[in-house]
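Worksheet for the structure shown next.
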Amino acid sequence: MRLLIIFLSVTNAFIIIYGPQPILPLFMREFAISMSMASLSISLTIFGIVLSSIFLAIFSDKWDRKKVILVSNLLLIIPSLALFFTHSFGWLLVLRFFQGTLITGVTTILMRIYHRPLQLGIVFFRNNRYDDSGQSTDLFLHIGIDWAS
């Protein structure tokens, strides 16, 4: 069940972040803006994630993490619904920024609560190169990473 919750939360975060990407030409046409201006709808969301990650890293140990996830999910509804009613590109950017700040409260805290060390097994590469004796060289690589430490 935990993996399902993590999967759905992270999937939702990626949909919120990158969902507008295919409709950037529509933004250009509807708001009479350039592509670089339209792409701000994604850039400001990511900027919101960056800024809120700094503050959540500081305060996440002081607050109850499960409450942070719940509050972030509930507050994420507000800018998401408000986007439906906005007719201004400026307000769209403001709401997308707030979406980014609230997404962090879900994904970052979830990773902190349910983290498991990432263990990559044996990776096999065949590079089709030959050493001095004419033998094909193969590379075996084992990487053990604990990303949470």
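Figures for the structure shown
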read-out: Flag if residue 43 is of a type in the set (S, T, N, Q) and over 11 Å from the mean Cα position of the chain (by Cα); value: yes
read-out: Some residue of region 45-66 being closer than 19 Å to residue 5 by Cα and surrounded by fewer than 14 Cβ atoms within 10 Å (Cβ to Cβ); value: yes
read-out: Check on residue 146, surrounded by 11 or more Cβ atoms within 10 Å (Cβ to Cβ) and at pLDDT below 60; value: no
read-out: Some residue of region 17-29 being closer than 19 Å to residue 95 by Cβ, loosely packed, with under 15 Cβ neighbours inside 10 Å and either touching a residue at least 60 places away in the same chain (Cβ under 8 Å) or among the polar types (S, T, N, Q) (or both); value: yes
read-out: Only one of 46, 23, 42 that is touching a Lys or Arg at 6+ places or on another chain (Cβ under 8 Å), in a helix (DSSP H, G or I) and at pLDDT 90 or above; value: 42
read-out: Residue that is over 27 Å from residue 89 (Cα atoms) and free of Cβ contacts under 8 Å to residues at least 24 places away in the same chain, where the choices are 66, 62; value: 62
read-out: Subset of region 79-91 [assigned to a helix (DSSP H, G or I), surrounded by 13 or more Cβ atoms within 10 Å (Cβ to Cβ) and free of Cβ contacts under 8 Å to residues at least 40 places away in the same chain]; value: 79, 82, 83, 91
read-out: Some residue of region 101-111 being surrounded by fewer than 17 Cβ atoms within 10 Å (Cβ to Cβ) and within 20 Å of residue 8 (Cα to Cα); value: yes
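The values are calculated or read from the model by the stated rules, or taken from the named source; none is laboratory data. Remember, predicted model here, so these are calculated numbers, not experimental data. All Cβ positions, even for glycine, are placed from backbone atoms using ideal geometry, and neighbour counts span all protein chains on display.
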